[in-house]
Amino acid sequence: MFLFFFFFFLALTFNSLFCFFFYLRAGKEGQVLHRSKRGWVWNQFFVIEEYTGPDPVLVGRLHSDVDSGDGNIKYILSGEGAGTIFVIDDKTGNIHATKTLDREEQAQYTLTAQAVARDTNKPLEPPSEFIVKVQDINDNPPEFLHGPYYARVPEMSNVGTSVMQVTATDADDPTYGNSARLVYSILQGQPYFSVEPQTGIIRTALPNMDREARQEYDVVIQAKDMGGHMGGLSGTTEVKITLTDVNDNPPKFPQSVYSMTVSEDKVPGEEVGRLHAKDPDLGDNGLVNYRLIDGDGITMFELSTDSETREAVVKLKKPVDFETKRSYTLKVEGSNPHVDPQFLAWGPYKDEATIKISVEDADEPPVFVAPSYTFEVEENAPEGTLVGRVHAKDTDVANNPVRYMIPRYTDVEQFFSINSEDGMITTTRPLDREAQPWHNISVSRESGDNTGELRVNIKVKDVNDNPPEFATNNEVLMCETVAPGKVIETVSAVDKDEMAHRQHFTFSLAPEVAHNHNFSLKDNRDSTASIYVLRKGFSRLTQDVYYLPIEINDNGFPAMSSTNTLTIRVCSCDSKDTILSCNVEPYVLPAGLSTGALIAILACIVILLAIVVLFVALRRQKKEPLIVFEEEDIRENIITYDDEGGGEEDTEAFDIATLQNPDGANGFLPRKDIKPELQYPIRPGIGRPAANSVDVDDFIKTRIAEADSDPTAPPYDSIQIYGYEGRGSLAGSLSSLESVTTESDLDYDYLQSWGPRFKKLADLYGTKDCSINDADDGEDS
């Protein structure tokens with residue numbers, strides 16, 4: 001009831017002030033105005049958020065002066081939340097909130113009220129707008145929206161060094177009460193860090209915090225509203241603070257003395273040993289530079305730093321000799337290159353150690369005087385040109401001689417040779433720089449059982465032996481309507497040889513076209529030349545391609561030049577000199593022919609007619625066919641054999657199948673050099689005698705029958721006929737092989753009576769004795 005009367009009083013007060021202001025305004029305008037009753041009693045209403053009572057909350061009451069209380073007036077409410085959140089009693093004008101309100105969701109609502117006649121719904125007064133504000137209560141705890149946080153602070157920082165600032169937010173109304181007034185405190189992380197209560201700035205609380213002892217800290221910060229008093233809400237966040245490194249630790253060698261050994265066969269540059277100075281700092285703060293500061297081996301050894309392990313690497317600078325000196329001493333210093341001036345008093349930031357190196361005896365191989373060789377030789381130099389000399393020596397007491405050779409795998413094409421005794425390298429053929437400008441070979445040396453290799457780099461020096469040529473060989477396309485004096489192309493040149501300083505190409509037309517009337521050339525003196533057109537009126541029908549020979553000189557020593565042909569093609573273009581076509585088109589003759597052309601055509605026709613008439617006349621006179629075919633006389637076939645045979649081995653002298661089948665001579669004769677793929681089976685009706693049969697006549701007849709029945713078979717088996725002579729033959733063996741190797745006393749004169757077929761045998765064997773006897777008589781005489 002108190003709230004209702006309070007709202008009602010405020011409404012009357014604002015209504016009176018509004019009417020007074022309206023009266024003054026009307027009076028200033030010089031009009032006499034009569035005050036009319038204000039139809040509304042209105043106000044700005046308030047409602048507390050998060051109300052959880054059983055009944056709807058009364059927000060306020062609207063009342064119109066025209067309302068006499070008889071129920072004829074109806075109040076209507078519209079706007080934000082009307083009908084859902086806010087409801088009005090249409091008779092009394094009481095406004096209630098039916099739902100729990102949250103200021104953080106919406107802080108105020110704008111509504112419109114109007115009084116209308118209940119029976120006609122006719123507005124009795126204009127609508128009025130009013131605001132319902134939601135009053136805040138402390139119902140939201142502080143929140144850290146960006147947590148958890150990560151911060152870094154250098155180690156050894158002074159007390160009070162700012163680390164970072166954390167900020168919490170409270171959704172409550174900061175203008176109403178202490179609901180959003182926050183106070184920060186630290187719950188975890190003491191005594192290392194502290195936080196300012198009002199600002200949330202975290203600061204260091206202890207001096208000399210060492211990263212090497214502890215690097216990370218987990219800090220918990222609390223933000224509490226209501227100014228940190230009892231009953232306030234709170235929120236927390238985590239802050240992970242990392243100490244960053246500073247150079248607060250000097251390097252330190254774990255040992256004061258290091259012992260190392262080196263063999264006398266080690267070559268300069270080889271590693272002897274390693275040592276490391278420890279520095280717990282990180283990054284650049286932990287870098288250590290090493291240097292030799294003293295010792296009798298300071299000229300024989302050198303130090304370098306391994307970029308990965310940060311170790312000092314002791315390397316051999318000069319060869320050591322066991323027979324000359326057997327031990328060396330070095331003093332090494334390790335220091336930080338980056339020193340923080342803030343911590344200079346904590347120094348010095350360096351440490352020292354001693355290295356004792358013992359030299360071991362070894363069977364030393366021959367050593368090259370230089371670690372590598374680089375020689376130069378001119379290209380095209382004749383065979384046997386001296387390239388250079390490599391030299392190695394044996395330092396052992398035995399002092400064995402050194403022999404040199406070039407492994408073939410390093411000089412596959414064998415461009416070079418080396419004298420095995422003095423190491424002189426010479427060429428075996430002329431070299432071409434353009435084909436291979438560098439030759440990288442290896443030379444091996446051998447002394448006793450010790451061997452080794454050395455890299456030799458040979459550079460081929462350039463000689464101006466290649467003429468220049470066009471950089472590109474593209475055709476030049478030129479319009480038929482090109483104007484005289486126009487540049488149609490700018491040519492350039494390339495040379496496989498190396499260009500000397502201030503050397504450039506010069507261009508000129510070849511002598512045979514120097515005075516042509518079509519094109520000219522201008523040397524631009526920058527290794528390019530411009531091609532100009534001298535006349536107009538070019539036509540593709542007259543000539544579609546022009547060839548312009550151009551001489552190019554490289555001005556080298558010796559000077560080289562070449563003639564290159566530039567192809568210029570005449571093209572058809574439009575009015576904007578855009579090329580339309582460059583193809584050769586056929587030339588169309590005019591429709592009318594000249595008198596001379598007609599006479600030539602008629603003469604050709606007359607000559608052709610005369611030749612035809614003469615040919616026909618000769619044909620009728622001879623009455624013979626124009627083409628005579630020779631007729632073959634197939635009635636007689638005479639087969640002639642003009643060889644005598646070569647004995648038992650001669651199975652190819654003649655075709656015995658022809659003798660057995662003369663009818664097949666005029667037909668198909670099988671090839672002797674190809675074995676038939678299809679073998680005809682032997683007819684089962686023909687009997688074959690046994691291998692030991694003495695009936696030679698039956699054996700031969702059987703073979704003849706088989707050959708007659710298979711005309712396609714070549715005489716591969718003919719040797720079987722000559723190889724069988726039968727048992728008890730009176731003639732004995734006729735083998736010439738056996739006759740030569742056997743001393744026989746047989747008389748072969750009877751062969752003379754066997755006829756011409758055995759004449760060759762009679763000459764070979766029948767006259768043997770006579771020739772022998774003649775020879776004997778000669779010896780006797």
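The values are calculated or read from the model by the stated rules, or taken from the named source; none is laboratory data. It should be emphasised that the depicted structure is a prediction, and the values quoted were computed from it without experimental measurement. Don't worry about glycine lacking a Cβ; one is built from the backbone with ideal geometry, like all the others, and counts go over all protein chains shown. Keep in mind that these areas ignore ligands, DNA and RNA; they rest on the heavy atoms of the full protein, side chains included. Shrake-Rupley method; radii C 1.70, N 1.55, O 1.52, S 1.80 Å.
Do we have any residue at all in segment 189-202 that's farther than 30 Å from Trp346 by Cα, assigned by the TED database to the domain that holds Gly160 and of a type in the set (Asp, Glu)? Give the steps one after another, and end with the answer.
The first filter runs over segment 189-202 and keeps only residues farther than 30 Å from Trp346 by Cα, leaving 195-201.
Subset that is assigned by the TED database to the domain that holds Gly160: 195-201.
Still in the list and also of a type in the set (Asp, Glu): 196.
Within segment 189-202 (the criterion being farther than 30 Å from Trp346 by Cα, assigned by the TED database to the domain that holds Gly160 and of a type in the set (Asp, Glu)), the answer is yes, since at least one residue qualifies.
Under the condition of being modelled with pLDDT of 90 or more and open to solvent by less than 50 Å² (accessible area, probe 1.4 Å), which residue from segment 312-324 is nearest to Lys278 (Cα to Cα)? Write out each step before concluding.
Restricting attention to segment 312-324, the residues satisfying the condition of being modelled with pLDDT of 90 or more are 312-320.
Imposing the further condition that a residue be open to solvent by less than 50 Å² (accessible area, probe 1.4 Å) reduces the set to 312-314, 316, 320.
Values: Ala312: 11, Val313: 15, Val314: 17, Leu316: 24, Val320: 30 Å.
Checking each candidate, the answer is Ala312.
Count, please, the residues in segment 179-211 that happen to be under 18 Å from Met156 (Cβ atoms), open to solvent by 50 Å² or more (accessible area, probe 1.4 Å), touching a strand residue (DSSP E or B) at 6+ places or on another chain (Cβ under 9 Å) and part of a loop (DSSP other than H, G, I, E, B).
Total meeting the criteria: 2.
Check off (1) within 16 Å of Ser335 (Cβ to Cβ); (2) in contact with a Lys or Arg (Cβ under 8 Å, 6 or more places away or on another chain) for Arg291 and give me the number that stays unchecked.
Failing condition for Arg291: (2).
Could you check segment 135-178 and list, in sequence order, the residues that are under 15 Å from Val195 (Cα atoms), touching a Phe, Trp or Tyr at 6+ places or on another chain (Cβ under 8 Å) and in a loop (DSSP other than H, G, I, E, B)?
Passing the criteria: Val166, Thr167, Ala168.
Can you name the residue in segment 31-49 that is at pLDDT below 75 and open to solvent by 70 Å² or more (accessible area, probe 1.4 Å) and, of all such residues, is nearest to the chain's Cα centre (by Cα)? Lay out the reasoning, then the answer.
Of the residues in segment 31-49, the ones at pLDDT below 75 are 31-44.
Keeping just the survivors that are open to solvent by 70 Å² or more (accessible area, probe 1.4 Å) gives 31-32, 34-37, 42.
Details: Gln31: 96, Val32: 98, His34: 97, Arg35: 95, Ser36: 94, Lys37: 93, Trp42: 82 Å.
Checking each candidate, the answer is Trp42.
Using the structure shown, decide if Lys278 is more than 19 Å from Asp351 (Cβ to Cβ) and among the basic types (Lys, Arg).
No; evaluated as a whole, the condition is false for this residue.
Looking only at segment 373-396, which residues are among the small types (Gly, Ala, Ser) and loosely packed, with under 14 Cβ neighbours inside 10 Å?
Residue satisfying the conditions is Gly384 alone.
Among the candidates Glu125, Glu129, single out the residue that is loosely packed, with under 15 Cβ neighbours inside 10 Å, farther than 16 Å from Tyr176 by Cα, touching a residue at least 24 places away in the same chain (Cβ under 8 Å) and not aliphatic (A, V, I, L, M).
Result: Glu129 is the single residue among Glu125, Glu129 that is loosely packed, with under 15 Cβ neighbours inside 10 Å, farther than 16 Å from Tyr176 by Cα, touching a residue at least 24 places away in the same chain (Cβ under 8 Å) and not aliphatic (A, V, I, L, M).
Would you be able to say whether some residue in segment 397-405 is crowded, with 18+ Cβ neighbours inside 10 Å, of a type outside the set (A, V, I, L, M, F, W, C), assigned to a strand (DSSP E or B) and not assigned by the TED database to the domain that holds Tyr290?
Taking every residue of segment 397-405 in turn, at least one turns out to be crowded, with 18+ Cβ neighbours inside 10 Å, of a type outside the set (A, V, I, L, M, F, W, C), assigned to a strand (DSSP E or B) and not assigned by the TED database to the domain that holds Tyr290.
Residue-by-condition table, conditions (1) open to solvent by 70 Å² or more (accessible area, probe 1.4 Å); (2) outside the structural domain of Glu196 (by the TED database):
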site: Tyr217; (1), (2): no, no
site: Ile221; (1), (2): no, no
site: Asp225; (1), (2): no, no
site: Thr237; (1), (2): no, no
site: Val272; (1), (2): no, yes
site: Leu282; (1), (2): yes, yes
site: Asp296; (1), (2): yes, yes
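Across segment 251-268, which residue is farthest from Asp321 (Cα to Cα) among those that are of a type outside the set (Ser, Thr, Tyr) and open to solvent by 40 Å² or more (accessible area, probe 1.4 Å)?
Lys252
Regarding Ala362, is this residue among the aliphatic types (A, V, I, L, M) and over 24 Å from Thr244 (Cα atoms)? Write out each step before concluding.
On the way: among the aliphatic types (A, V, I, L, M): yes; over 24 Å from Thr244 (Cα atoms): yes.
So Ala362 fits the description; yes.
Six or more apart or on different chains, Cβ under 9 Å: which pairs go from a residue in segment 426-442 that's aliphatic (A, V, I, L, M) to one that's in a strand (DSSP E or B) and open to solvent by 70 Å² or more (accessible area, probe 1.4 Å)? Could you list them?
Qualifying pairs under 9 Å: Leu431/Glu378; Ile441/Arg455.
Please go through segment 325-334 and pick out each residue that is surrounded by fewer than 20 Cβ atoms within 10 Å (Cβ to Cβ) and out of contact with any Asp or Glu (no Cβ under 7 Å at 6 or more places or on another chain).
Selection gives Lys325, Arg326, Ser327.
Yes or no: Ala345 of a type in the set (Gly, Ala, Ser), open to solvent by 90 Å² or more (accessible area, probe 1.4 Å) and farther than 30 Å from Trp438 by Cβ?
Yes: the conditions hold for Ala345.
For residues that are in contact with a strand residue (DSSP E or B) (Cβ under 6 Å, 6 or more places away or on another chain) and in a loop (DSSP other than H, G, I, E, B), scanning just segment 350-379, find the one that is nearest to Tyr404 (Cα to Cα).
Pro366
Do the conditions hold for Lys74, that is, is it outside any loop (DSSP other than H, G, I, E, B) and closer than 28 Å to Met226 by Cβ?
no
Can you work out which of the residues in segment 348-372 that are open to solvent by 50 Å² or more (accessible area, probe 1.4 Å) and over 45 Å from the mean Cα position of the chain (by Cα) is modelled with the lowest pLDDT?
So the residue we want is Asp363.
Could you say whether any residue in segment 69-92 is charged (D, E, K, R), over 30 Å from Arg181 (Cβ atoms), open to solvent by less than 60 Å² (accessible area, probe 1.4 Å) and in contact with a Phe, Trp or Tyr (Cβ under 6 Å, 6 or more places away or on another chain)?
Yes, segment 69-92 has at least one match.
State which residue is nearest to the chain's Cα centre (by Cα) when the search covers only segment 157-169 and only residues that are crowded, with 19+ Cβ neighbours inside 10 Å and in contact (Cβ under 8 Å) with a residue 60 or more places away in the chain.
Val163
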